[in-house]
Amino acid sequence: MEMKLFIPRETDPDETRAAVLPQHVRQLKDWGWEIQIESGLGERVPVPDSAYEEAGAALISHRREGYASADVIFRVRVSDKEEVALMKPGALHISFFDPFRQPDLVDSFAQARVTAISMELIPRITVAQKMDALSSQASLAGYVAVILAAERINRVFPMMMTPAGTLAAVRVLVIGAGVAGLQAIATARRLGARVEAYDVRPEVEEQVKSLGARFLKIDLGQVGSTPDGYAKQLTEEQLQRQREAMKRFCSHADVLITTAQVFGRRAPLIVTEEMLLAMRPGSIVVDLAVESGGNVEGIRPGSEVEKNGVLLLGLRNLPGRVPYHASQVYGSNLSAMLGHLYDREKGHLRIDLQDQITGRCVVTHGGQVVNPLLKEG
Ligand code: NAD
């Protein structure tokens, strides 16, 4: 029997991305799947319904109808409780989820016997790179942060020698040199900025240098990474030491981009109001960690405020500012995940909780919360 995939349009007013583009529809049709999309899926990308239809998707106007028969549902943001209740028992739902902060929603997936996969929980291991949506989106966020700063700053990024004098290159400081930070460094360098970067994980020094940026060092004593390569949480004393050194670095920066995150916890507060006061008027601060608590004091999700002439940007959903490419890579991550679960010869899905990828990102299955991280509480 043909497997059915349904892709509803996103309902969050801040969301511009679509879970798939027509190219993904074409690929999944090749596997023999029947694909339904809700009308308007690509409206904000923008990709017209007709392009999805040409790729082989059937258009439906009521999501209720799509949920009732779908074996698999793809989304950018997780469906809400009312929608989960409309899904078929045994269906598979793949989306960003943030399950640690939504215990009620986790329960509703379990009650509805829907298998929910959280794209944030895909392990950061080489074999799962094709499915790694955190990385695909973070990389675009890093790029967008620099472009936004370049557009808003009162200077040019590269050094320019003109008959009327030399314009100094902008100085960019990137705090947190993970996936987003490294892309921010690369983008700022391409625009000709002088870039400095800092991260608690000493192993990123080489990567920072290879992009042509300077790596800043702060002696914090013992720091480390988790087996997954994430930063460990610093002690309050280490954070204090870090802030003291940071103040000096911040005062030299025209653009400050922060991306520091600690998996499963609130993002560390690194840039205090005192440091912001040390920055020159006209400088720009972009906090990419704003949606998980923020690295910069006083920046709130969705806010854009000026303090003492320094513009503080806490914009949400930065990948959503390049929705075509963000949807392209996200759709490929979803398709790769489905490809991992789908046995093309037998024509069915296999949820093997012992598998090193599946076992880590499935949140609910068979009416239970099965994820070890959530079961541990
Ligand atoms: P992240 O979003 O969790 O954090 C961003 C960066 O902030 C990290 O580099 C982290 O070290 C840094 N950070 C945390 N606390 C900080 C602090 N107090 N001060 C300064 N910096 C701080 O990280 P990410 O970008 O998702 O990447 C996490 C790790 O996963 C990295 O090691 C990355 O290379 C690895 N990774 C591996 C793969 C793979 O397939 N092998 C794929 C993606 C990422």
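Evaluated over the Cα positions of the chain, the convex hull gives a direction-averaged projected area, one quarter of its surface, of 20.2 nm². When only Cα pairs below 8 angstrom with a gap of at least 6 residues are kept, the chain shows a relative contact order of 18 percent. Comparing Pro202, Pro13, Pro48 in a Gaussian network model of the chain where C-alpha atoms under 10 Å apart are linked, the largest mean-square fluctuation is found at Pro13.
Close amide H contacts of Ala18 (hydrogens built in the peptide plane, cut-off under 5 Å, sequence separation of 5 or more or a different chain): Ser327. Which GluC sites (Glu not before Pro) in region 1-83 pass both tests, a DSSP loop state and at most 15 other beta-carbon atoms within 10 Å? Sparse-neighbourhood loop GluC sites (Glu not before Pro): Glu2, Glu43. Per-residue 3J(HN,Hα) values for region 316-321, derived from phi via the Karplus relation 6.51 cos²θ - 1.76 cosθ + 1.60 with θ = phi - 60°, read 7, 6, 4, x, x, 7 Hz in sequence order (x marks Gly and Pro). Considering region 139-321 at the alpha-carbon level, its Rg and Dmax are found to be 15.4, 54 Å.
The chymotrypsin sites (Phe, Trp or Tyr not before Pro) of region 1-94 meeting both criteria, a DSSP state outside H, G, I, E and B (loop) and at most 16 other C-beta atoms within 10 angstrom of the site's C-beta, are Trp31. Rg/Rh for region 56-182 stands at 1.20; both radii use Cα atoms, and Rh follows the Kirkwood definition.
For region 129-198, the ratio of Cα radius of gyration to the globular rule of thumb 2.2 N^0.38 Å stands at 1.25.
The portion of the accessible surface of region 47-196 made up by carbon and sulfur, rounded to a whole percent, is 54 (1.4 Å probe; DNA, RNA and ligands excluded). For region 235-262 and region 299-377, write down the distance between their C-alpha centroids in whole Å. Between the Cα centre of region 235-262 and that of region 299-377, the gap is 28 Å. Here the simple spin-label model places points 7 Å from the Cα toward Cβ, and for Glu43 and Ser210 these points are separated by 4.4 nm. The mean accessible area for residues of the chain, using a 1.4 Å probe and ignoring ligands and nucleic acids, is 45 Å² per residue. Of the three principal axes defined by the Cα atoms of region 274-377, the extents in descending order read 63, 36, 20 Å. Specify the residue with the greatest mean-square fluctuation among Asn295, Asn317, Asn308, computed from a Gaussian network of the chain linking alpha-carbon atoms under 10 Å apart. Comparing Asn295, Asn317, Asn308 in a Gaussian network model of the chain, the most mobile one is Asn308. For Ser303, the residues whose modelled amide H falls within less than 5 Å of its own, excluding neighbours fewer than 5 places apart on the same chain, are Gly314.
For Tyr230, put the label point 7 Å out on the Cα→Cβ axis and report which residues of region 145-161 keep their amide N under 20 Å from it. No residue passes the distance filter.
Rounded to the nearest 20, the size of the Cβ-charge dipole of the chain about its Cα centre is 860 debye, with Lys and Arg at +1 and Asp and Glu at -1.
Under 5 Å between amide hydrogens, built in the peptide plane, is the criterion, and for Arg214 it picks out Val195, Glu196, Ala197 among residues at least 5 positions away or on other chains.
The values are calculated or read from the model by the stated rules, or taken from the named source; none is laboratory data. These figures come from a predicted structure and were not determined experimentally. Cβ sites come from the backbone with ideal geometry, for glycine too, and all protein chains shown count toward neighbours. Please note that ligands, DNA and RNA were not included when accessible areas were found on the heavy atoms of the full protein model with its side chains. Shrake-Rupley method; radii C 1.70, N 1.55, O 1.52, S 1.80 Å.
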